[in-house]
Each structure stands twice: as structure tokens, then as C-alpha cells.
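Worksheet: the structure to be examined is printed underneath.
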Amino acid sequence: MRRAVILAVVAALGAGLLAGCAEDSDDPAGSSSDDGGGGKGRTTLTVGVFGAFGLKEAGLYDEYMKLNKNIVIKQTSIERNENYYPQLLTHLGSGSGLADIQAVEVNNIAEITATQSGKLADLGKAAGVQKDAFLPWKWEQATKDGKTIALGTDIGPQGICYRKDLFAKAGLPSDREAVGKLWAGDWNKYLAAGKQFKAKAPKGTSFVDSASGVMAAITGSNENRFYDKGGKIVYKTNPAVKEAWDIAAEFASAGLTGKLQQFTPAWDQGYANGTFATVSCPAWMLGYIQDKAGAAGKDKWDVAAAPRPSNWGGSFLTVPSAGKNTEEAAKLAAWLTAPAQQAKLFAKRGSFPSAQAAYSLPEVAGAKHAYFGNAPIGQIFSKAAEGVPVQILGPKDLIIAQNLADIGMLQVDQKGRSSQAGWDAAVKAIDNALDQ
């Protein structure tokens, strides 16, 4: 997930645009000491994150320091995860330069769990941590041989965001329950709905933004994706990946897409101009849509359930064993990821909780989004989150996904190349990237 880009613009639910961003620093960590500039006898805990991670902006650090007068929390942030993560690996390797708590993006958690487990504290045993509070599939993503090396902060359960006005003009239902029933249980039904839309589509509009977005959503709804349980790369022969590719390619060949690449100026302009009717959207994308579609899009966008529960995005907190204050850091990590704090983060920042125990709390259960026709987003995304399969993650998932989308499917969608030609180009790029 292009989290640094997303978090810079996502709107806080019910509170307008984000108010600030994390401190920037060239150093991914800080130093821990008994005073750390916080006063005699106080312990400074450093938290290393990427992008505007949200914990600081939501006021959680300040709240923790009020509850724990002996603790001072200092955050450092590197804007982009692609710069942050290599430095994290370097510091883990040397055992120095680490923050007391280090964030890890979901696309990196499999590699961290597989290769760095011995250098990270077992947070499954930390005081205050309750395994049952978390979604089982989120907990398992950071667990190996009974050791849990990271606690989930947020996830990206997906719905389908759609333009009610464009649906109505194309003769499709616009009520979110009826829209969800159009494609319930089957991504092929989503394709069929697209063909219905195209038959009477308003001039200058397409059904979806991009074929790559469709492919990512379908892939994210499957347990088996790019790796098997033994750690072998199997995307070339996996039927689930083939299904995602074939359906997405048909969206392109049938002329149902806007031929856009996500997170580009042209994509943003598509929101502003209302040129596509649907997009696969995790909870964190609601703020992005609100920002890019602007006042003109209010009450025109709504959210329906996706054909199958799917996830896109999320992060974790780890505690490096080399830190000076691992016990206090583990307490802080446990508190930051507890259901109550995850609910606050959702209410203020739109980051959907990975703790299922938060779903019954008022901030989540009663959450509605005024921009999206007061859609009950807490209920919609909670149901999606609970249905996401326990996915097999691999260390090079991000490389595989990016090349399938940006090298392969983009050629099919934008250049009109055949499905096979696009697939071959993606496979070649992935093989080169993985030295195969």
C-alpha cells in the first residue's frame, strides 16, 4: 500500500482533513535514556514510524504520558516506507540505531516475521495484551512458532464505493443494500454489473477506475495468493491469482475501466470530474475520496459491501530486543493497540481497528460518514474485516503485486495489449526483480 501518500491526505472521519503530519527525520530511530530530556527519573521511549502514521496526530502519545508521568514519548518519522524499511532492516542487523518501538507495514511483516523474529520481543506475552481482542487473521500475520513479534494497529477491510447518481442514470439501483446484492458473493457478478452499467452509462463515464484496482481487490479476498504455506512462490500457477487476473483483464477488454493508474494526478482528477462509478475502497480510502472529489461529490458517493471480504493495507508495532527499555516499550505498544485506543484512532484518523473487540465500542459501532450519505461505515467495514481470510503472506508480496499491476495489467488496460502479453510482461519483470 502506498501508505505515505494515502495518510498525507486521508480525512479524519467526521472531522474534515487531517490536521498535521509526523515529524520528519533522516534517522529512523532515536535514543532511549533515563531522562532523555524529559526530566530526572523519567524514561524516554522513542517510536519510529513512516508517513503520518496517526498515533501522534490522534493524541495517543499525549494521553499515555498523562497516565504515566514517568514516561516521555518522542516520535521520528521517515516519509516513505520504501526509505524507512531498508533502514529498519539495517538497524536490526546491526542491533543499533533502533527506536524502542518500530512500525512495520503489512507488506513487510512476513519478511520481518520470517527473518528478524529473534531480534524482536515476544509481544504475545507482554502485559496487557489479549490475543482474543484481535482479529485471528491479523494476529497470525505476525506470529511464527508460537511467538508474536508485532501487534496490529490497523487494517484495510474493503467495500465498494460507488456514485449513486451515475448508477441511477444507468438504470441500476442506488440504495447501498440493493447495490451490494448486485454482486454479493461473486466478483464475476461485479463484472456483470459493470456490463449493465456500460449499456446505459452516462457519457464520458466508466464503471471502474482501473483494472489493476479490481485485480488487487479480488486477490485480497483469497487466502492463497503469491506464496504457499511452505514459503514457495506460486502466483504463476495459483488459480486464485489467475481468476483475479482474468476478471480484471476482462474489465479492461470490455471497456469498463477509466484506464487510470491509482494514486496519480489523472486518478485524482477522475474523482474530481466524476468520470468513474465505482472503486474498490478500504476504510482508509474514504477520506481520500472526500478530499479528491471535493464538495461536489458529497452525497453522490456511497459505500456498499464488496462481493467478498477483502483486505488492503494495515500496519504493526514491534519492540526490538536491543532497546534499553523493552519492558516499558512493550507496555506502550500494548496500550497503543488496545481496543479502546484503536477505536479512538479510527474516530480521529479513519484507521480501521485490527482489534475486533473495538467493533462494539461506540466510536466504531455507531460510526457513519456524512460525506457518503451517512453510510454506517462502522458496521460495513466491521463485517468485512471479520470475513477476511487468514492470508498466506510472503516476503516479496509487494514486488509481485506491484509488477502484476503496474507492469502487466496496466499494459492491458491502457495500451490494449492482450491478457497473455500483459501477464508475460509481468512475469518477466517479477523474475528479474527476484533474480529468478
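Here is how the numbers come out for the structure above:
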{"read-out": "Residue in the stretch 136-154 that is under 30 Å from Leu260 (Cα atoms) and without any contact (Cβ under 8 Å) to a residue 12 or more places away in the chain present", "value": "no"}
{"read-out": "Of all residues making up the stretch 59-70, the number that are aliphatic (A, V, I, L, M) and surrounded by fewer than 20 Cβ atoms within 10 Å (Cβ to Cβ)", "value": "2"}
{"read-out": "Near pairs, Cβ below 7 angstrom, 6+ apart or cross-chain, from the stretch 220-246 (closer than 17 Å to Met409 by Cα) to any residue that is assigned to a loop (DSSP other than H, G, I, E, B) and small (Gly, Ala, Ser)", "value": "Gly220/Ser310; Phe226/Gly394"}
{"read-out": "Among (1) under 30 Å from Lys428 (Cα atoms); (2) touching a Gly at 6+ places or on another chain (Cβ under 8 Å), the one test that Leu404 misses", "value": "(2)"}
{"read-out": "Search result, residues across the stretch 64-83 that are out of contact with any Leu (no Cβ under 8 Å at 6 or more places or on another chain), part of a helix (DSSP H, G or I) and at pLDDT 95 or above", "value": "Met65, Lys66, Leu67"}
{"read-out": "Per-region count, the stretch 369-422, residues assigned by TED's automatic domain parsing to the domain that holds Gly213, charged (D, E, K, R) and more than 21 Å from Ala277 (Cβ to Cβ)", "value": "5"}
{"read-out": "Only listed residue being of a type outside the set (Lys, Arg) and not in a loop (DSSP other than H, G, I, E, B), chosen from Pro157, Pro173", "value": "Pro157"}
{"read-out": "Residue satisfying all of: in the stretch 80-98; hydrophobic (A, V, I, L, M, F, W, C) and over 23 Å from the mean Cα position of the chain (by Cα); surrounded by the fewest Cβ atoms within 10 Å (Cβ to Cβ) among these", "value": "Leu92"}
{"read-out": "Some residue of the stretch 369-378 being closer than 30 Å to Val234 by Cα and modelled with pLDDT of 95 or more", "value": "no"}
{"read-out": "Matching residues in the stretch 263-291 - criterion: being more than 18 Å from Ala347 (Cβ to Cβ), part of a strand (DSSP E or B) and not hydrophobic (A, V, I, L, M, F, W, C)", "value": "Thr278, Ser280"}
{"read-out": "Qualifying positions in the stretch 163-184 - closer than 24 Å to Gly294 by Cα and aromatic (Phe, Trp, Tyr)", "value": "Phe167"}
{"read-out": "Residue match in the stretch 192-207 (condition: within 24 Å of Ala421 (Cα to Cα), more than 18 Å from the chain's Cα centre (by Cα) and among the β-branched types (Val, Ile, Thr))", "value": "no"}
{"read-out": "Conditions (1) closer than 26 Å to Ala103 by Cβ; (2) at pLDDT below 95; number of the one not met by Asn224", "value": "(1)"}
{"read-out": "Residue in the stretch 209-217 that is assigned to a loop (DSSP other than H, G, I, E, B), at pLDDT 95 or above and crowded, with 17+ Cβ neighbours inside 10 Å present", "value": "yes"}
{"read-out": "Residue in the stretch 96-104 that is of a type in the set (A, V, I, L, M), out of contact with any strand residue (DSSP E or B) (no Cβ under 6 Å at 6 or more places or on another chain), under 28 Å from Trp137 (Cα atoms) and at pLDDT 95 or above present", "value": "no"}
{"read-out": "Candidate set: the stretch 292-323, residues that are outside any strand (DSSP E or B) and of a type in the set (Ser, Thr, Tyr); chosen: the one modelled with the highest pLDDT", "value": "Ser321"}
{"read-out": "The stretch 106-135, subset among the charged types (D, E, K, R) and either outside any helix (DSSP H, G or I) or surrounded by 18 or more Cβ atoms within 10 Å (Cβ to Cβ) (or both), residue modelled with the lowest pLDDT", "value": "Glu111"}
{"read-out": "Residue match in the stretch 342-354 (condition: aliphatic (A, V, I, L, M), closer than 24 Å to Leu45 by Cα, part of a helix (DSSP H, G or I) and free of Cβ contacts under 8 Å to residues at least 40 places away in the same chain)", "value": "yes"}
{"read-out": "Qualifying residue in the stretch 377-387 (condition: over 20 Å from Asp132 (Cα atoms) and touching a residue at least 40 places away in the same chain (Cβ under 8 Å))", "value": "yes"}
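Each row is one residue, and each column tells you yes or no for (1) surrounded by fewer than 16 Cβ atoms within 10 Å (Cβ to Cβ); (2) within 30 Å of Ala127 (Cα to Cα); (3) in contact with a strand residue (DSSP E or B) (Cβ under 9 Å, 6 or more places away or on another chain).
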site	(1), (2), (3)
Ala168	yes, no, no
Leu182	no, no, yes
Gly185	yes, no, no
Asn188	yes, no, no
Thr205	no, no, yes
Asn222	no, no, no
Val234	no, no, yes
Ile247	no, no, no
Leu256	no, no, yes
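The values are calculated or read from the model by the stated rules, or taken from the named source; none is laboratory data. Computed from a predicted structure; not experimentally measured. Neighbour counts run over all protein chains shown; Cβ positions are idealised from the backbone, glycine included.
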